[in-house]
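Worksheet: the structure to be examined is printed underneath.
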Amino acid sequence: MSAPHLPKVAGIDSAVPAPAHTAAPFAHAPGAMIQDRLAGWVSDLTTLHELTERLARTGSLDEALDELLHAGAALVGARRGMAVLEPADGRGPASTVGLGLARADLGHIETVPRSATGYGRILDSGTPGVPGPVAQADLLHDATLDPRHREVAARLGYAASYALPLATEEAGRLGVAVWFYDEPAEPVDRQRHLVGLYGRYATEHLARMLELERTRHQMAAIADELLPGRLPRVPGVRLAARHLTGPRGGGEWYDALPLPEGALGLAVGSVSGSGPSALAAMGRLRASLRAYAVMEGEDPVAVLSDLELLLRLTEPARSATALFAYCEPAPAAHGDGTGSRIVLAGAGHTPPLVVGQHRTEFVETSLSAPLGMLACWEAPSVEFSPAPGETVLLYTDGLLRRTGDPMDRAFTRLHTAAASVPRAVRDDPGAVADHVLRTVLPGAFDAGRDGEDVVILAARFE
């Protein structure tokens, strides 16, 4: 009969006996033992310092979870892992990320009854305080293990796991991290101590990232409520808008509203500052501009002059940039009716960009100060005619500033992105806006991306 299979301890085969001639520690050299122990402590502290510094440099929740898994795997001697974010307060967000595990692998693990897994016992623990870690040193030979758990472990090729709660008394229970061993194993006391210290620091960092993520979602939800729920349908023009909210929540906005006689008003702008006060100011300014546009939209200069007066009286400590365009699509155009006509005025705002089959160029607008900067704002309007099939892009300067380039290089990058729009998608203003965003800001749609608010309003004229 073969001897029972003994688990390894952190990669050390415990079935191999120690040599019989192994000498006991030198009782007459306590100084050498103390030096060795001190050297070990210094090495451990150095490792923890490096790992916590790397974690502190992460700027989003996803980045922090990924760094946590990599660092923990190095500390416990594992190759793969999984982090489950499931805050105990129920406010979310909830997510599961893996290290060395594909999305399908994570799906297989989630089919195992949670009560049979180490991480499930931690997440579902009803005991107050901080739960302890759970080690499952030999999954394949544990007779008490749930059959489904053994099946999944065999399919994915792991034989042991170590689950660490992401919880502290201050932050509460945020989730759990679990690492998987290819062979029966469990961390030794030193490894448990180190990963425990790292886990407590990581939990506090994750708590900060979690609050930032929740704030970003709240700001995005408020901004979405303040911006148009849908874009109007006006004959002769197709519209699309893209809005990316930064973590602090800025005051960048857009609007499109139908005007009398088949005309269309388009506006973009940015209010100084960030946070709830900037969002509130943005909402008030946008609502006021809509009223002015209905009353005197054919004169964009008058619309912005009225807006400047309102801002100066109601928000004396705030400034804003804005651009308003009065558009007459081809079916409603004056004159011979052969094309569309746009009259626009800008207050310290970036110039529109015309994208077509035969040209990609900025509209030449006169320099002007932002609203609220001068005692009396005034600037001349500009008139131009987009050809049939051309798309006019209105955007906020957050698109340029988020590149991190000097302004002249950012304008060049934007022009290059617009010129490179594939001909196959130029008829779709939404596809044009998406191409420009992804080209100017690679990864712009990634969750948790830092930076300022970005607005693009695309209008394709028939």
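Throughout, read-outs are computed from the coordinates displayed, never taken from laboratory work. None of the values given here were measured: they were computed from a predicted structure. All Cβ positions, even for glycine, are placed from backbone atoms using ideal geometry, and neighbour counts span all protein chains on display.
With respect to the chain, whose longest principal axis is taken over its alpha-carbon atoms, helix 189-226 is tilted by about 20°.
In a simple Cβ point-charge model (Lys, Arg +1; Asp, Glu -1; nothing else charged), region 348-462 has a dipole of about 320 debye relative to its Cα centre. Round to a whole angstrom and tell me the spacing of the C-alpha centers of region 29-55 and region 185-209. Measuring centre to centre over Cα atoms gives 16 Å. If the Kirkwood radius is taken over C-alpha pairs of region 128-278, then at 4 °C and 1.567 mPa s the Stokes-Einstein diffusion coefficient equals 63 µm²/s. Think of the chain as having a plus end and a minus end, set by charges on the Cβ of Lys, Arg, Asp and Glu; of 87, 288, 253, 87 sits farthest toward the positive end of this dipole.
How much length is gained on full extension from residue 277 to residue 438, taking 0.36 nm per residue of separation minus their Cα-Cα distance?
So the chain would gain 55.0 nm between residue 277 and residue 438.
Taken about its Cα centre, region 104-150 carries a charge dipole of roughly 80 debye when the Cβ of each Lys and Arg holds +1 and the Cβ of each Asp and Glu holds -1. Extents of region 103-172, largest first, come to 39, 27, 16 Å (Cα atoms, principal axes, whole angstrom). Computed over the Cα atoms of region 47-172, the ratio of the radius of gyration to the Kirkwood radius (Rg/Rh) comes to 0.95. Remark on region 196-262: hydrodynamic radius 15.1 angstrom, per the Kirkwood mean of 1/r across alpha carbon pairs.
Packing, taken as the mean count of other beta carbons within 10 Å per residue, orders the peptides 154-160, 184-190 from highest to lowest as 184-190, 154-160.
Taking R0 as 22 Å, what's the FRET efficiency between residue 106 and residue 66 from their Cβ-Cβ distance, rounded to 0.05? Efficiency computed from Cβ-Cβ geometry: 0.95.
Placing pseudo-labels 7 Å out from each Cα toward the beta carbon at residue 91 and residue 41 gives an inter-label distance of 4.0 nm. Packing order of peptides 279-290, 392-403, 305-316, highest average first: 392-403, 279-290, 305-316 (average count of other Cβ atoms within 10 Å over each peptide's residues).
Taking the C-alpha atoms only, the angle from helix 429-440 to the longest principal axis of the chain is near 60 degrees. Label sites at residue 208 and residue 378, each approximated as a point 7 angstrom past Cα along Cα to Cβ, lie 5.2 nm apart.
Taking label points 7 Å from Cα along the Cα-to-Cβ direction, residue 170 and residue 156 give a separation of 3.2 nm.
Using R0 = 60 Å, the C-beta based FRET efficiency linking residue 296 and residue 183 works out to 0.20. Think of each Lys and Arg Cβ as +1 and each Asp and Glu Cβ as -1; about the Cα centre, that makes the dipole of the chain roughly 640 debye. Computing Rg and the Kirkwood Rh from the Cα coordinates of the chain gives a ratio, Rg/Rh, of 1.16. The residue among 227, 212, 268 whose Cα reaches farthest toward the positive pole of the charge dipole of region 208-269, with charges on the beta-carbon of Lys, Arg, Asp and Glu, is 212.
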